[in-house]
Amino acid sequence: MSIGTMDSAGLRNAMVERLAADHQGKGLTLRPEVEAAMRTVPRELFTPGIPVTEAYENTAVITKQLPSGENISSVSAPFLIAEMLGQAADALDGLEGRHVLEIGSGGYNAALLRELVGPSGSVLTVDIDPDVTDRAAVCLGTAGYDDVIVVCADAEYPIEPRRYDLIIVTVGAWDVPPAWRDQLTDDGVLVVPLRVFGTTRSWALRRSGDRLISHSRRLCGFVSMQGDGASAIRHIDLADGVHLRLDEGEQVDEASLSGILDQPRAETWAGVSLPPRTALPDLDTWLAVNLREQYVVLSAQDDAISAGLIAPAWQYGTPATLANGTFAYRSELRWADKRFDLGAYAHGPDAEAAARRMVEQMHTWVEAGCPEPTLDVLPAATPDGDLPAGTVLDKRHSRLVLSFVLR
């Protein structure tokens with residue numbers, strides 16, 4: 001039977017089979033209870049107005065845009081939902097009987113959570129936009145999930161009436177407000193797409209007193225948070241279709257960037273041979289930490305890449321440095337015999353040195369055993385002497401400490 005002739009149940013099961021294969025390809029396992037929930041909840045009831053076949057594609061479905069074209073609400077891609085639910089269930093050793101607060105309402109994820117927590121658990125979903133909460137409430141009711149509580153509020157502040165075993169955030173956050181930590185039970189878990197150095201990861205963080213300690217992380221992308229927790233990213237155009245992302249107060253002399261990509265390109269390679277499953281997002285975090293004073297994030301559009309103007313490792317967010325009129329970035333991979341090498345490209349007066357500096361950090365990461373990042377989130381008032389070892393990044397409400405687990 002072709003996709004075009006399947007009923008919704010067939011499409012749903014086919015989607016789950018693809019998700020299981022996607023997990024396996026990433027070295028993950030789709031938890032049985034998450035698989036069962038995704039086979040049960042009719043996703044098409046949360047994506048009205050689009051063909052049912054599109055509802056089961058592995059992409060986000062945009063549900064609200066601003067007149068400018070900016071996306072501000074969506075039903076997230078199934079693979080990302082499955083990974084984040086898996087993070088939550090892994091960190092809590094299952095979700096049966098748990099009480100959950102979801103921040104960011106689309107309806108579909110709340111329905112999945114309702115299946116996962118079972119009759120003795122509860123789900124409250126909150127969004128700042130009344131259009132979004134009204135839509136979520138209608139979709140949940142249509143799908144038979146009338147006992148999911150839907151609240152319209154700014155979740156930067158406490159949401160009553162209880163503390164939660166799990167808070168799962170489905171919008172991109174720049175910081176962790178005190179309300180999220182305080183609303184968790186003593187060993188509760190926060191799963192949040194947190195933007196650090198301009199790149200977002202879904203972190204599962206377990207509460208321990210006044211701090212949150214990471215349990216797992218996944219690469220992800222979400223529409224940005226609105227309300228008092230919003231924090232805009234600053235973008236600079238490097239050339240047509242090539243942009244720099246500045247997110248942590250970086251200062252850039254924009255005049256020095258004019259025509260920089262027209263200058264000769266230097267390239268340096270690490271001389272390593274790595275397998276496809278190497279966790280390159282972990283490398284990118286390593287580069288952000290160790291090249292912090294010069295660090296920016298590069299993004300590029302298809303036309304700029306196909307024209308050969310730029311060749312980034314990932315068009316939606318590649319580590320880069322900018323200093324003294326010289327620009328360097330992690331390059332596209334160089335493949336041989338189903339393994340790859342890491343490299344850096346650079347433009348400017350110190351291009352060779354800048355590319356070499358970045359590759360030296362890549363080599364150090366590989367020699368250290370490709371260490372994984374860990375994250376501690378502590379209140380903003382925490383004295384330096386009470387912080388764990390690592391690189392400190394101060395946000396509005398919290399102090400983030402990134403470190404690496406050496407193997």
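The values are calculated or read from the model by the stated rules, or taken from the named source; none is laboratory data. From a predicted model like this one, the values you see are computed outputs, not experimental measurements. As a convention, Cβ positions derive from the backbone with ideal geometry for all residues, glycine included, and neighbour counts pool all protein chains shown. Calculation scope for accessible area: heavy atoms of the full protein, side chains included, ligands and nucleic acids excluded. Shrake-Rupley method; radii C 1.70, N 1.55, O 1.52, S 1.80 Å.
What the table below lists for this structure:
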| item | result |
| --- | --- |
| Neighbours by Cβ (under 7 Å, 6+ apart or cross-chain): first from the range 242-270, more than 22 Å from Ala232 (Cβ to Cβ); second open to solvent by 40 Å² or more (accessible area, probe 1.4 Å) and assigned to a strand (DSSP E or B) | Trp269/Arg334 |
| Number of the condition not met by Asp186 [criteria: (1) at pLDDT below 95; (2) closer than 16 Å to Leu101 by Cβ] | (1) |
| The range 162-177, subset part of a loop (DSSP other than H, G, I, E, B) and of a type in the set (A, V, I, L, M), residue nearest to Cys220 (Cα to Cα) | Val171 |
| Residue that is farthest from Asp341 (Cα to Cα), among those in the range 306-326 that are of a type in the set (Val, Ile, Thr) and assigned to a strand (DSSP E or B) | Thr326 |
| Hey, Thr268 among the β-branched types (Val, Ile, Thr), in contact with a helix residue (DSSP H, G or I) (Cβ under 7 Å, 6 or more places away or on another chain) and either under 28 Å from Thr374 (Cβ atoms) or open to solvent by less than 70 Å² (accessible area, probe 1.4 Å) (or both) or not | yes |
| Total residues in the range 31-63, condition outside any helix (DSSP H, G or I), within 22 Å of the chain's Cα centre (by Cα) and under 13 Å from Asn13 (Cβ atoms) | 1 |
| Residue in the range 349-364 that is in contact with a Gly (Cβ under 7 Å, 6 or more places away or on another chain), open to solvent by 30 Å² or more (accessible area, probe 1.4 Å) and closer than 25 Å to Val296 by Cβ present | yes |
| Out of Asp147, Asp165, Asp175, Asp210, sole residue that is modelled with pLDDT of 95 or more, acidic (Asp, Glu), more than 18 Å from Leu92 (Cα to Cα) and surrounded by 19 or more Cβ atoms within 10 Å (Cβ to Cβ) | Asp175 |
| Asp186 open to solvent by 40 Å² or more (accessible area, probe 1.4 Å), outside any loop (DSSP other than H, G, I, E, B) and within 30 Å of Pro373 (Cβ to Cβ) | yes |
| Residues that are among the charged types (D, E, K, R) and either farther than 25 Å from Glu372 by Cβ or open to solvent by 20 Å² or more (accessible area, probe 1.4 Å) (or both), drawn from the range 289-340 | Arg292, Glu293, Asp302, Asp303, Glu332, Arg334, Asp337, Lys338, Arg339 |
| Matching residues, the range 234-259, being under 22 Å from Pro281 (Cβ atoms) and open to solvent by less than 50 Å² (accessible area, probe 1.4 Å) | Val242, His243, Leu244, Arg245, Leu246, Asp247, Glu248, Glu250 |
| Residues (in contact with a His (Cβ under 9 Å, 6 or more places away or on another chain) and aliphatic (A, V, I, L, M)) located in the range 298-325 | Leu298, Ala300 |
| Any pair with Cβ under 7 angstrom, 6 or more apart, that starts in the range 27-47 at a residue that is more than 12 Å from Glu115 (Cβ to Cβ) and ends at one that is of a type in the set (S, T, N, Q) | Glu44/Ser8; Leu45/Thr142 |
| Counted residues, the range 101-148 - those being under 23 Å from Gln226 (Cβ atoms), charged (D, E, K, R) and in contact with a Leu (Cβ under 8 Å, 6 or more places away or on another chain) | 1 |
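Each row is one residue, and each column tells you yes or no for (1) in a helix (DSSP H, G or I); (2) under 23 Å from Gly27 (Cβ atoms); (3) not acidic (Asp, Glu).
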site: Ser214; (1), (2), (3): no, yes, yes
site: Arg217; (1), (2), (3): no, yes, yes
site: Arg245; (1), (2), (3): no, no, yes
site: Glu250; (1), (2), (3): no, no, no
site: Leu261; (1), (2), (3): yes, no, yes
site: Glu267; (1), (2), (3): no, no, no
